[in-house]
Amino acid sequence: MENELSRRLQAVADFIPKNSRLLDVGSDHAYLPLDLVKKNKIAFAIAGEVVKGPYQSALTNVAQAGLTKAIDVRLANGLAAFELADHISVISICGMGGRLIADILEAGKEKLDQIERLVLQPNNREDELRSWLMANGFTLVAEQMIYENDKYYEIIVAEPGMAHLSAKDLRFGPYLLAECSDIFKAKWQNELKKLNHALNQVPEHRLEARQLLLEKIEQIKEVLL
Ligand SMILES: C[S@@+](CC[C@H](N)C(=O)[O-])C[C@H]1O[C@@H](n2cnc3c(N)ncnc32)[C@H](O)[C@@H]1O
């Protein structure tokens, strides 16, 4: 199929419920909304983009596909891309740092009451994003780890509800931990290598820095046992 999604975005697409009204924040080419609408999985989406270049690419792609009625491309910062009257039910925010995703949600949190599901794909700082979700009335309902182009990506799916996550859950992800897949193990083996390398670079007298690294290393070893 033309414009086939990456494995990462396909995994995100699989978590968007049928007939959702989707806001995709940071939709630089509108790939995700285009794919979902073309496959008749959803009938309406907003592709929100804050930077003009990517916004233009999204506009062009949607126009070329003849889908301007189904996909509204809007130049806007984060959740400012939608109004309550749009009846958005699902928000996806992918391919950004976990802290930026949390900041985007925080800045528009008064608009989250009507949202049934968040599908988030942070590139890093997943623990900070899980903390934000837990502190703001969202519970995790699914997680997935994808390996593509030499990178590990986590997808976090959250819905309104109460969550109690331990420090270990926040770092590793409760569903990912329980599943403990081969990709999950490979990611944390890789992290372990990086942390051991970092530890070797820290001089013996920097006790506090070494202790911090050692704690992180121990936590990973426990999980990989
Ligand atoms: C690395 S791209 C990821 C694109 C796509 N979501 C994906 O996962 O492949 C991140 C996009 O998010 C946009 N972006 C960053 N902060 C944003 C914000 N606050 N509101 C809307 N878009 C934002 C950037 O301009 C960029 O086009």
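The values are calculated or read from the model by the stated rules, or taken from the named source; none is laboratory data. Fair warning: this is a prediction, and the values are worked out from it, not measured in the lab. Every residue, glycine as well, gets a Cβ built from its backbone with ideal geometry; the counts of neighbours run over all protein chains shown.
With respect to the stated conditions, N61 is in a helix (DSSP H, G or I), of a type in the set (S, T, N, Q) and away from the ligand (no atom under 11 Å from the Cβ).
Among the residues making up the stretch 1-26, those that are under 13 Å from the mean Cα position of the chain (by Cα) and either closer than 22 Å to K111 by Cα or of a type in the set (A, V, I, L, M) (or both) are L9, A11, V12, A13, F15, I16, D24, V25, G26.
Residues checked against (1) without any contact (Cβ under 8 Å) to a residue 24 or more places away in the chain; (2) assigned to a helix (DSSP H, G or I):
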| residue | (1), (2) |
| --- | --- |
| T139 | no, no |
| A142 | no, no |
| Y153 | no, no |
| K168 | no, yes |
| F184 | no, yes |
| K193 | yes, yes |
| H205 | yes, no |
| Q211 | yes, yes |
| E215 | yes, yes |
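Can you pull out the residues in the stretch 52-69 that are crowded, with 21+ Cβ neighbours inside 10 Å and either without any contact (Cβ under 8 Å) to a residue 12 or more places away in the chain or within 20 Å of the chain's Cα centre (by Cα) (or both)? Result: A58, single match.
Being modelled with pLDDT of 95 or more and in a strand (DSSP E or B) is a description that does not apply to A102.
Only one residue in L105, L129, L140, L79 is away from the ligand (no atom under 16 Å from the Cβ), crowded, with 20+ Cβ neighbours inside 10 Å and of a type in the set (A, V, I, L, M). Which one? Answer to the selection: L140. Checking E49 against (1) more than 14 Å from the ligand (Cβ to nearest atom); (2) surrounded by 17 or more Cβ atoms within 10 Å (Cβ to Cβ); (3) free of Cβ contacts under 8 Å to residues at least 60 places away in the same chain, which single condition isn't satisfied? Every listed condition holds for E49 apart from (1). Within the stretch 108-126, at least one residue is part of a loop (DSSP other than H, G, I, E, B), within 11 Å of the ligand (Cβ to nearest atom) and without any contact (Cβ under 8 Å) to a residue 60 or more places away in the chain. Among the candidates D14, D72, D35, the residue that is more than 13 Å from the ligand (Cβ to nearest atom), closer than 23 Å to I156 by Cα and without any contact (Cβ under 8 Å) to a residue 60 or more places away in the chain is uniquely D14.
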